[in-house]
1. Kindly list the residues of segment 4-35 that lie in the label zone of residue 59, defined by a backbone N under 17 Å from the point 7 Å along the Cα-to-C-beta vector.
2. Please work out the C-alpha center-to-center distance from segment 40-62 to segment 4-38 and express it in whole Å.
3. Fewest first, what order do 47, 22 take by the number of other Cβ atoms within 10 Å?
4. What is the diffusion coefficient of segment 2-59 in µm²/s, taking the Kirkwood radius over Cα pairs and the Stokes-Einstein relation at 20 °C with a viscosity of 1.002 mPa s?
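What follows draws every value from the coordinates through simple rules; no lab data is involved. The shown structure was predicted, so the numbers you read here are calculated from the model rather than taken from an experiment. Cβ placement follows ideal geometry from the backbone for every residue including glycine, while neighbour counts extend to all protein chains displayed.
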């Protein structure tokens, strides 16, 4: 049984009532009632079946960042207000 982690919701759901998927931050299910993200971890049994267990967001494994092969991280750019000064209009 899964329980929505949203304090205002707190609804309980059976595993067959939720969709578990990876939205880029590890495995989660969205509460069907309020839409809150709730983290889960997958366990694969010896017979090949997969079961899911709900975990707090802080304990959930994070998905690896997907970057094309050979791509480098972006260089830090100039923030707002650090570019060329605008000329005063007359």
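1. 4-6, 26-29
2. 14 Å
3. The order, fewest Cβ neighbours first, is 47, 22.
4. Working: Rh = 11.8 Å.
Taking Rh from Cα pairs, D becomes 181 µm²/s.
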